[in-house]
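A.B. asks: What follows is a structure written as structure tokens; I'll ask about it next.
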Amino acid sequence: MSLEELAAARRTHKSFGPEPVSRSTLLELLEVARFAPTHHLNQPWRFRVLGPETLEALKRVAGEKEAQKLDRAPTLVVASAALTGDLVMDEEDVCATAAAVQLVLLAATERGLATYWRTPQVLRTAQGRAAVGIPPGERFLGLLHFGTPAREPAPRERDPVESYVDFLP
Ligand SMILES: Cc1cc2nc3c(=O)[nH]c(=O)nc-3n(C[C@H](O)[C@H](O)[C@H](O)COP(=O)(O)O)c2cc1C
């Protein structure tokens, strides 16, 4: 697939098959994060792959309704950015981590996996962060879902390139 095809093929999936993504495949995907642009070479991206005990702890904190949503995908990874406390650097480090996340999602898409970048409220709470081991000083960016696709998402609607690009004189 060309990069353009890969970017278009990455979709938000909310329905996954039961097979988890293997540890070796996850490492391949997460290794691609290394190549994201990063000012000062801060490399702020952090990824925590949830094991069964951690997922149970998160579900307990999340409550019954939200816990069901945490069961949608067989493999969950928390993405966060390690910040320094410098406001400008922190903004750039969040950007770098978002770029790293997108690379990981594209690598998964390229392997035929379904993905979903989600930001559940529970991971913005102190208890949720503690359940998955996010220390103070890290910004939660997303709960990344991985698995086999169970249902294709509806066709995507996006604005055309002319709507968001200006060529300045
Ligand atoms: C930072 C970020 C957070 C997101 N959080 C959620 C979320 O909490 N719930 C959700 O349904 N989708 C979430 N999404 C996914 C978007 O809803 C999705 O990208 C959008 O619907 C476009 O669909 P596509 O990814 O298939 O192009 C998030 C996306 C990003 C980039």
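The values are calculated or read from the model by the stated rules, or taken from the named source; none is laboratory data. Just so you know, these numbers come straight off a predicted model, no measurement behind them. For neighbour counting, all protein chains shown are included, and Cβ atoms are generated from backbone atoms with ideal geometry for every residue, glycine included. To get the accessible areas, we keep the full protein, side chains included, count just its heavy atoms, and leave off ligands, DNA and RNA. Shrake-Rupley method; radii C 1.70, N 1.55, O 1.52, S 1.80 Å.
A.B. asks: List the number of the failed condition for R156; all other conditions in (1) open to solvent by 10 Å² or more (accessible area, probe 1.4 Å); (2) touching a residue at least 12 places away in the same chain (Cβ under 8 Å); (3) under 19 Å from the mean Cα position of the chain (by Cα) hold.
C.D. replies: Unmet for R156, out of (1) open to solvent by 10 Å² or more (accessible area, probe 1.4 Å); (2) touching a residue at least 12 places away in the same chain (Cβ under 8 Å); (3) under 19 Å from the mean Cα position of the chain (by Cα): (3).
A.B. asks: Among the listed residues T84, T75, which satisfies the condition of being crowded, with 16+ Cβ neighbours inside 10 Å, among the hydroxyl-bearing types (S, T, Y) and modelled with pLDDT of 95 or more?
C.D. replies: Result: T75 is the single residue among T84, T75 that is crowded, with 16+ Cβ neighbours inside 10 Å, among the hydroxyl-bearing types (S, T, Y) and modelled with pLDDT of 95 or more.
A.B. asks: In region 44-101, what count of residues is obtained for those that are more than 26 Å from L27 (Cβ to Cβ), outside any helix (DSSP H, G or I) and in contact with a Pro (Cβ under 9 Å, 6 or more places away or on another chain)?
C.D. replies: Adding up the residues that qualify gives 1.
A.B. asks: Do we have A96 as touching a helix residue (DSSP H, G or I) at 6+ places or on another chain (Cβ under 8 Å), within 16 Å of the ligand (Cβ to nearest atom), in contact (Cβ under 8 Å) with a residue 24 or more places away in the chain and farther than 22 Å from F16 by Cα here? Give the steps one after another, and end with the answer.
C.D. replies: Details: touching a helix residue (DSSP H, G or I) at 6+ places or on another chain (Cβ under 8 Å): yes; within 16 Å of the ligand (Cβ to nearest atom): yes; in contact (Cβ under 8 Å) with a residue 24 or more places away in the chain: yes; farther than 22 Å from F16 by Cα: yes.
Here the answer is yes, as A96 does meet what is asked.
A.B. asks: Continuing with the same structure: Working carefully through the options T75, T119, find the one that is out of contact with any Phe, Trp or Tyr (no Cβ under 7 Å at 6 or more places or on another chain) and either within 16 Å of the ligand (Cβ to nearest atom) or closer than 25 Å to V21 by Cα (or both).
C.D. replies: T119
A.B. asks: Here's a follow-up. Filter region 8-34 down to the residues that are within 14 Å of the ligand (Cβ to nearest atom) and surrounded by fewer than 13 Cβ atoms within 10 Å (Cβ to Cβ) and list them by number.
C.D. replies: Scanning region 8-34 gives a single hit, A9.
A.B. asks: Answer yes or no: is there a residue in region 8-16 that is closer than 30 Å to E157 by Cα, in a loop (DSSP other than H, G, I, E, B) and touching a Ser or Thr at 6+ places or on another chain (Cβ under 6 Å).
C.D. replies: Yes.
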